[in-house]
Amino acid sequence: MIPGARLILLGRQGAGKGTQCVRLSRHFVVPHISTGDMLRAAVREGTDLGRMAKKVMDDGGLVGDDIMIGLVRERLSHHDAKGRGYILDGFPRTVLQAQVLDEISAEQRIDLVLDLDVPRELVLARLSARRVCRDCGTNYVASGVEKLPWICEVCGGDVMHRDDDTPEAIEHRLDLYEQQTAPLIEFYQSQSRLAVIDGVGSPEAVFRLLAAAVDAAR
Ligand code: AMP
């Protein structure tokens with residue numbers, strides 16, 4: 001069996017992180033831990049966290065570090081994250097989150113941080129056509145001629161337009177990415193833990209680059 005891995009996938013929203021994380025998680029047989037999916041589940045369940053997070057997410061903002069760190073700390077304590085590893089999608093998004101993640105994962109260090117590099121103009125175009133399965137998180141690209149309701153091929157769930165994929169929220173998220181998340185590239189590069197992957201090609205080609213980078217790092 002392929003050995004597991006502890007991975008982080010960074011990149012602008014719309015760079016294809018979600019799709020690539022699903023593939024990497026199947027390939028390396030490790031759980032895909034998406035903080036965005038965790039927050040969306042809380043929104044669906046109508047919890048206090050969900051109500052607070054919905055407003056922040058719809059505006060394209062970032063949920064507070066303390067809340068996000070608490071969520072990830074708890075998730076990484078589960079049995080499935082202690083064994084073969086995991087792939088983190090959407091976390092860390094700030095330098096503070098990255099610093100605390102190093103403490104949380106001190107006993108089982110992250111093997112590699114992958115930065116999926118896609119220019120801002122391209123992600124803007126991709127995000128406006130993005131649709132996502134509400135249940136399993138599989139991403140799709142809308143062509144405008146889909147039969148509705150759109151049913152996910154993977155799990156049979158509903159394929160939706162995300163509430164936070166409005167033009168204003170997208171611009172705000174991309175600005176926040178440059179201010180808060182892009183510094184993580186330097187943070188991990190200076191520790192020689194980063195592989196920058198060109199995310200512009202086909203999903204298959206990008207996946208091959210990602211998997212090769214993980215194999216080369218182990
Ligand atoms: P994503 O599915 O990763 O694009 O995340 C959707 C939204 O959830 C983001 O735009 C943020 O509002 C929120 N979010 C997810 N992960 C984090 C995080 N690590 N820190 C702060 N906010 C987050």
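The values are calculated or read from the model by the stated rules, or taken from the named source; none is laboratory data. It should be emphasised that the depicted structure is a prediction, and the values quoted were computed from it without experimental measurement. Backbone-built Cβ (ideal geometry, glycine too); neighbour counts: all protein chains shown. Ligands, DNA and RNA are stripped out before the accessible areas are found, and what is left, the full protein with its side chains, is counted by its heavy atoms. Shrake-Rupley method; radii C 1.70, N 1.55, O 1.52, S 1.80 Å.
The mean accessible area for residues of region 153-218, using a 1.4 Å probe and ignoring ligands and nucleic acids, is 54 Å² per residue.
With a Förster radius of 30 Å applied to the beta-carbon distance between residue 77 and residue 45, the computed FRET efficiency rounds to 0.90.
Within 10 Å, count the other beta carbons around each residue, average over each peptide in 57-63, 15-21, and list them highest first. Show your work: numbers first, answer last.
On the way: 57-63: 17.4, 15-21: 24.0.
Averaged packing, sorted descending, gives the order 15-21, 57-63.
In the chain, the calculated helix contribution to ellipticity at 222 nm averages -13500 deg cm²/dmol per residue, counting -39,500 (n - 2.57) for every DSSP H run with n ≥ 4.
Residue 208 to residue 117: FRET efficiency via 1/(1 + (r/R0)^6), r the Cβ-Cβ distance, R0 22 Å, to the nearest 0.05? Before the final figure, lay out each step's value.
Details: r = 15 Å, r/R0 = 0.70.
Efficiency, from the Cβ-Cβ distance: 0.90.
Where does each of 172-178, 141-147 land if you order them by average Cβ count within 10 Å, highest first? Walk me through the intermediate numbers first.
Numbers: 172-178: 16.6, 141-147: 8.3.
The peptides rank, most packed first, as 172-178, 141-147.
With θ taken as phi - 60° and the Karplus curve 6.51 cos²θ - 1.76 cosθ + 1.60 applied, the whole-hertz 3J(HN,Hα) list for region 149-158 is x, 8, 9, 5, 5, 7, 10, x, x, 7 Hz, x standing for glycine and proline.
Rounded to whole Å, give me the distance from the Cα center of region 23-60 to that of region 170-218. Each part's Cα centre sits 20 Å from the other's.
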